[in-house]
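Q: Below is one structure. I have some questions about it.
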Amino acid sequence: MKLRTIRLFALLAFSLAAFSALAKKGADPIKTWRTLLKERSECVTWVSATVKVEISSGGRSYPPQEQKLEALGTVLSKDGLVALSLTKVDPTASILSRVRGGGASVNVNYSEVNILMQDGSEVPAKLLLKDSDLDLAFLLPLKDEKKNDENIVFQPVPSSGKKPKPQPLDEVASLGKLSRNLYRQSTLMRGWVNAVIEKPREYYVIDRLSPGTPVFDASGNWLGIGVYKM
């Protein structure tokens with residue numbers, strides 16, 4: 001029997017220090033999620049990355065190509081640390097999946113990375129870490145001595161400090177943002193837990209989820225960030 005690889009949206013669960021608890025146990029989940037949308041929507045941000053891609057295969061090198069990519073990310077701390085799905089800003093896996101034969105290599109260089117603020121301004125950033133196994137990338141704003149960085153305010157994702165254990169068929173919701181054509185309006189997307197994967201690390205397979213966005217349970221507890229898993 002020929003097996004096929006199935007691409008799933010997964011939620012990588014991890015925790016940070018608590019910021020505030022937004023919802024009480026037993027509260028109406030729709031009201032809780034709407035409160036998150038109203039008060040904490042800016043914990044989701046667009047990120048743009050200009051990359052130069054170099055490909056070699058079978059002893060042949062192809063001309064470098066420049067791409068401008070955009071991805072949604074989740075703000076983790078007040079200093080602007082952002083986590084996002086690596087797949088959305090690094091085309092390596094996508095290119096290798098289309099190259100026939102083995103021995104191909106892809107080199108991705110980042111010439112410009114910006115965090116796109118709600119007021120339309122751009123904050124230059126640097127890529128701190130890429131983890132292809134977890135499908136995560138982390139970036140941090142660059143300090144500009146010529147500008148007053150104190151005027152730049154980042155809103156971190158709210159965390160209650162709890163570690164909930166969602167089960168299959170539990171309802172969840174993710175915060176997101178629409179594209180530039182739709183004025184980057186903040187959104188709520190409702191979904192369900194399809195499966196819980198405990199090993200080698202904890203993942204939740206979520207129905208209807210955008211990579212890089214934060215996901216919350218019915219009580220408003222932050223569960224993690226959406227990533228791609230193959």
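Q: I'm told Asp90 meets every condition in (1) part of a loop (DSSP other than H, G, I, E, B); (2) in contact (Cβ under 8 Å) with a residue 60 or more places away in the chain except one. Can you identify the failing condition by its number?
A: Every condition holds for Asp90 apart from (2).
Q: Scan region 93-140 residue by residue and report those that are β-branched (Val, Ile, Thr) and under 17 Å from the mean Cα position of the chain (by Cα). Full working, then the answer.
A: Kept after step one, since they are β-branched (Val, Ile, Thr), are these residues of region 93-140: 95, 99, 106, 108, 113, 115, 123.
Correct list: Val113, Ile115.
Q: Please list, ordered by first then second residue, the pairs with beta carbon atoms under 6 Å, 6 or more apart or interchain, first in region 205-228 and within 15 Å of Ser41 (Cα to Cα), second aliphatic (A, V, I, L, M) and not in a strand (DSSP E or B).
A: From residues that are within 15 Å of Ser41 (Cα to Cα), the pairs are Pro214/Val157; Gly220/Leu22; Gly220/Ala23; Trp222/Val157.
Q: If Phe154 meets every condition in (1) of a type outside the set (S, T, N, Q); (2) more than 16 Å from Gly212 (Cβ to Cβ); (3) part of a loop (DSSP other than H, G, I, E, B) apart from one, which number is that one?
A: Status for Phe154: all satisfied but (2).
Q: Do we have Ser174 as in a strand (DSSP E or B), surrounded by fewer than 11 Cβ atoms within 10 Å (Cβ to Cβ) and touching a residue at least 24 places away in the same chain (Cβ under 8 Å) here?
A: no
Q: Any chance you could count how many residues in region 204-229 are modelled with pLDDT of 90 or more and on the phi < 0 side of the Ramachandran plot?
A: Of the residues in region 204-229, 18 are modelled with pLDDT of 90 or more and on the phi < 0 side of the Ramachandran plot.
Q: Something else: So in region 177-230, with the set limited to residues that are of a type in the set (Asp, Glu) and over 19 Å from Trp33 (Cα atoms), which one is nearest to the chain's Cα centre (by Cα)?
A: First, the residues of region 177-230 that are of a type in the set (Asp, Glu): 198, 202, 207, 217.
Now drop any that are not over 19 Å from Trp33 (Cα atoms), which leaves 198, 202.
Numbers: Glu198: 21, Glu202: 17 Å.
So the residue we want is Glu202.
Q: While we're here: Could you please give the count of residues in region 37-75 that are over 30 Å from Asp217 (Cβ atoms) and loosely packed, with under 13 Cβ neighbours inside 10 Å?
A: 11
Q: Another question, if that's okay. I'm told Pro166 meets every condition in (1) assigned to a loop (DSSP other than H, G, I, E, B); (2) closer than 19 Å to Gly73 by Cβ; (3) not β-branched (Val, Ile, Thr) except one. Can you identify the failing condition by its number?
A: Every listed condition holds for Pro166 apart from (2).
Q: Any idea which of (1) touching a Pro at 6+ places or on another chain (Cβ under 8 Å); (2) surrounded by 13 or more Cβ atoms within 10 Å (Cβ to Cβ) is the one Lys78 doesn't satisfy?
A: (2)
Q: Residues being within 29 Å of Leu116 (Cα to Cα), of a type in the set (A, V, I, L, M, F, W, C) and part of a strand (DSSP E or B): count how many of those fall in region 193-224.
A: The number of residues fulfilling the criteria is 6.
The values are calculated or read from the model by the stated rules, or taken from the named source; none is laboratory data. Quantities reported herein were computed from a predicted structural model and do not represent experimental measurements. When we count neighbours, we look across all protein chains shown, and the Cβ atoms used for this are built from the backbone with ideal geometry, even at glycine.
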